1. Tell me the Rg and the Dmax, in Å, that the Cα atoms of the range 526-662 produce.
2. Just from the alpha-carbon atoms, what are the Rg and Dmax of the range 672-812 in angstroms?
3. Could you tally the net charge around ASN721, taking each other residue with its Cβ under 10 Å from the Cβ of ASN721, Lys/Arg +1 and Asp/Glu -1?
4. Show log10 I(q)/I(0) for the range 200-341 at q = 0.09, 0.16, 0.17 Å⁻¹, two decimals, from a solvent-free Debye sum over equal Cα scatterers.
5. Ignoring the sites themselves, what is the longest stretch of the chain with no trypsin sites (Lys or Arg not before Pro) in a DSSP loop and at most 11 other beta-carbon atoms within 10 Å?
6. Using modelled amide H (1.01 Å from N, peptide plane; none on Pro or chain starts), what sits under 5 Å from the amide H of GLY506, excluding residues fewer than 5 places away?
7. Based only on other Cβ atoms within 10 Å, what is the fewest-to-most ordering of SER150, SER275, SER366?
8. How much length would be gained if the chain were fully extended between ARG557 and LEU533, taking 0.36 nm per residue of separation minus their Cα-Cα distance, in nm to one decimal?
Amino acid sequence: MLRSTFARTRFALALVCAMPGLCAPNALAEALRAATHRYNIAPGPLVSVLNRFAEQSGVFLAGHNDLAAGKRSPGLIGDFTEQQALQRLLQGSGLQAQAQSAGGYVLRSGQDPLELDVTTVSGQQLGAITEDTGAYTTGSTASATGLPLSPRETPQSVTVITRQQLDDQGATGIADILRRAPGISVQNYDSERWEFSARGAPITNFQYDGVNTDYDGVYDYGTTSTDMAPYDRVEIIKGATGLMTGSGDPSATVDLIRKRPTQAFKASLSGTVGSWDNYRSEADIAGPLTDSGNLRGRFVGVHQQRSAHADHYQNTRDIAYGILEADLTPDTLLTLGLDQQNTRSRGASWTGFPMFYSDGSRTNFSRSFNPATDWSRRDFTNQTLFASLNRQLANDWALKLSYDRKHRQHDTLLGSASGGNPDPVSGDGMFLYMGKFKGDEVQDNIDLNLSGPFSLLGREHQLIAGFMSMNTRQDIPVYGSVYPALNGSIFDWRGEFPKPDIPQVGRDHIEQRQTGAYLATRLKPTDDLALILGGRVSDFTASDHLDYSDPNTPDVRDGYRQTGVVTPCAGVVYDLDETWSLYSSYTRIYQPQTSKYASRHVLDPVQGNSLEAGVKAGFFGGRLNASFAVFRIEQDNIAEYVSGFDSQSVYRAVQGATTKGFEFELAGELREGWNLSAGYAFNHTRDANGDPVYGAILQTTAPEQIVRVFSSYRLPGILQNLTVGGGVSWQSEFFGNVFQPDPAGSGQNVRITQDSYYLVDAMARYRFNQHLSTTLNIKNLLDKTYYTGLGNFGTGFYGEPRSVQLSTRWDF
C-alpha cells in the first residue's frame with residue numbers, strides 16, 4: 001500500500017514535469033527528491049533496510065549490497081524526503097548516497113555525511129532513539145500499544161524525557177527526573193524511598209525496554225533509586241496501560257529505554273563534583289567489535305559517593321551496564337545484556353521527624369536533622385540479565401522473543417529516632433523505630449510477539465499479537481522490630497545508639513505469577529482516521545506463606561487467583577490536517593492487591609475504567625509536540641492505610657473513587673537551539689462520600705495542580721558554544737494525616753497542609769571544543785524550605801535544599 005501511494009505521487013510529478021515549459025532538465029529528479037513520503041522501516045541489517053526503503057519509495061539504489069553487508073541501520077518511521085530518509089538510514093555506517101542527475105542514488109564509502117536538502121538540525125526527522133539528537137522529544141514510542149507510533153499517533157498522553165534533557169537537568173537518578181517531569185509529583189517515605197504519582201494516584205507500573213517489573217512500594221528493592229546512566233530515555237504513558245501491563249494503577253507507566261550499541265565507535269568520560277561531597281565518575285564506550293560490524297557492544301560504568309544535607313548520611317552507588325548485539329543472519333539480530341546496580345546507604349532513615357511536640361504545638365527541626373542512627377542502612381543489589389531475538393520476516397513482518405531475569409536483594413537494618421512526641425523544652429519522650437529486613441527476589445519475564453502490516457479493503461493496517469509471562473519469587477527472612485526509648489533529649493541527637501541484636505522469628509515465601517495474551521491492531525479506514533483496538537486476557541495467581549519459628553504463633557497463608565481477566569482498550573485518532581489531531585481512548589482498570597483488612601483477609605482487586613480525550617499537534621516535522629487531554633478515572637477497592645507497621649498494616653477499601661482532570665504539555669524544539677519541556681496538570685480525586693483519598697503507605701493526598709517547565713537555549717553567533725537554561729516546578733497544596741497529642745486528652749489525627757510552593761533550577765554548559773564540555777547545574781536556586789513527605793508513621797520529611805553540581809565531559 002505504501003509503495004502504491006508513493007508510486008502515484010511519483011507518477012503525478014512525472015506528469016507535471018512532462019508538460020512543456022513546466023520543468024527544466026533534471027527537474028523531475030529534483031521534484032521527486034523534494035517530495036515527502038511516509039516510511040515504516042524497522043531497524044535491522046542495512047542491506048535489508050535499504051531494500052525495504054527502495055520498495056516503499058520506488059527509488060533505485062545502486063551498489064548497496066556489497067558496501068552495506070555486515071552493517072546495521074536504525075530504521076525510520078515517519079514522513080521524510082528521499083535524502084532525509086537515506087541520511088537517517090545510513091547514520092553511523094560510514095556510507096553516503098550520491099544522487100544521480102537522472103534520478104536514483106549510488107551508495108559509496110565516505111566520511112562526509114549526506115548533504116540534506118534542509119541543513120539545519122530542525123530539518124531532521126526524529127526516530128525512537130534520542131541520544132545525539134539534541135531533542136526534547138522522540139519520533140516514535142511503542143510503550144502504550146506495542147506498535148511503533150509517533151506521540152501524535154498515540155491515543156494517550158505521552159511524556160518523553162530524552163537523553164539531552166537528562167544531561168541538561170543533571171539528572172542522575174530516576175527521582176531526579178520524575179520530580180521535574182510534567183504531570184508527576186514526588187513524595188518521600190524516608191531518605192531512600194520515594195512515591196511517584198500521576199493523576200492523583202501512585203505509580204506502580206515500571207518497565208525496562210517494555211518489560212514489566214514487580215514493584216513493592218514497602219521494601220522497594222531499589223526501584224526508586226535507579227541510576228539513569230544506562231538509559232537513552234524515559235517514556236511516561238499517562239493513564240491506564242492494561243494492554244501492555246495487564247494490571248496497574250491508572251496513573252502512569254514509566255518505561256526506561258536502555259542505550260544501544262552504535263554502528264561507529266563513540267566514547268565519553270565524565271566527572272562530577274557537587275554539594276555535600278558529591279563525587280561521581282562515569283564512562284560510556286560503544287561501537288563495533290568486528291571489522292564487518294556484525295558484532296557491536298556498549299559498556300557504561302558509574303561510581304558515585306555522596307553525603308547529603310542530612311547529618312551523618314553517606315551513599316555509595318556502583319553501576320555496570322553491558323550490552324552486545326550480533327547479526328546472526330542479515331535478518332536475525334541477537335541481543336544480550338547485563339545491568340548491575342548496587343546502592344549502599346549509611347545513616348538511612350526510617351520515616352522522618354515528629355511533626356508535633358507533646359503539648360500539641362508544631363516542631364521546628366532543621367533540614368539537617370537526621371533521625372537515623374549512624375549504623376542504620378539500606379543496601380540494594382539489582383542485577384538484570386536480558387536477551388532478545390529479533391527476526392525480520394517477509395512483507396515487513398517481525399518476530400521478537402525476549403527474556404528478562406531480575407535478581408534483586410535488599411539488606412536493611414534501621415534505627416530511627418522518629419517515634420513519639422518530644423517535650424518542647426527538654427526534648428525528652430522520644431523512642432526509636434528499629435527493625436531488620438531482608439529480601440531476595442527473582443523475577444522471570446518472557447515476551448513473544450509478532451507484528452507487521454496487513455492489507456484489508458485496499459488499505460494498509462498494523463497488527464501486533466503476543467504473549468507475556470511474569471513470575472516472581474520472594475524469599476524473606478522475618479525479623480522482629482523493637483522500639484527502645486531514647487534515653488536523652490532529641491535536641492542532642494547525633495545518631496549514636498547501640499546497635500540491637502534482632503533475632504529472626506520466621507520466614508515468608510511469596511510467589512506471584514501473571515500471564516497474558518494480547519492482540520492490538522491499528523486500522524486505517526481513511527488517510528485521516530486511525531482506529532486502535534486491542535485486548536488482553538490475563539491470569540493472576542499469588543501465594544504468601546509466612547511461617548513463624550515459634551510453634552505457638554500460627555502461620556499465615558494468603559493468596560489470590562483470578563483467571564480469564566479481560567482488559568479491553570480502544571482508541572481513535574483523527575487528523576484534522578498535517579499538524580493537528582483529535583483523539584480519544586478507553587482502558588479497563590484491573591489490579592490484584594495484597595493489602596489486608598484487620599481480619600487479615602486480602603482486599604478485592606482494584607477495578608474501574610479510564611477514559612481520555614484530547615487534541616495533539618506535531619510541528620516542524622514532529623520536532624515539537626503539543627497535547628491537551630481531559631480524563632476521567634473511576635475505581636473501586638482502593639487500599640487506604642488505617643494503622644499498623646509495614647507487613648502488619650491494616651487497610652480499608654475505598655469505593656467510588658473518581659478522578660477528573662486535564663493536562664497540557666509542550667515538548668521539543670521551538671527554534672534551532674531552543675528546547676522546551678512544559679506542562680500543566682490538574683486532577684480532582686474524591687471517594688463516593690466526597691472525601692479526599694489518602695495513600696496506602698503515605699497518609700497524604702497528591703497535589704491537584706502541577707506545573708513543570710524546563711528550557712535550554714544554545715546562544716547564536718560567537719557565543720554558540722554556550723548553552724543556558726533553567727526550569728520552574730510548582731505544585732499546589734497537599735495534605736497529610738498526622739497524630740497530634742493533647743495534654744488534656746488522648747489526642748487525635750489532624751490534617752497538616754504543605755502549602756503550594758515552587759522550585760527554580762538553573763544550568764549552563766560551555767563546549768570548549770568538539771571533545772570537552774562543562775555543565776553547571778543549580779537545583780532549588782532560591783533555597784526553598786518545604787515538606788516532600790507527610791504522614792509516614794505520623795512524621796514529616798524535608799525536600800532538598802539548594803545544591804550545586806559541576807560536570808566535565810570528554811567525548812572521544
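1. Reported Rg and Dmax, both Å: 21.6, 73.
2. In order Rg, Dmax, the Cα atoms of the range 672-812 give 21.1, 72 Å.
3. With Lys, Arg at +1 and Asp, Glu at -1, the net is +3.
4. -0.38, -1.01, -1.07
5. Details: sites that count: ARG494, ARG600.
Longest site-free region, per DSSP loop and neighbour criteria: 1-493.
6. VAL478, SER549
7. Details: SER150 22, SER275 17, SER366 11.
With the fewest neighbours first, SER150, SER275, SER366 line up as SER366, SER275, SER150.
8. Numbers: separation 24, 0.36 × 24 = 8.64 nm, distance 3.97 nm.
Extra length from ARG557 to LEU533 when fully extended: 4.7 nm.
The numbers here are math on the coordinates, done by the rules we state, and not lab data. Values in this document were obtained by computation on a predicted structure and should not be read as measured data. Please note: Cβ atoms are built from the backbone with ideal geometry, for glycine as well, and neighbour counts cover all protein chains shown.
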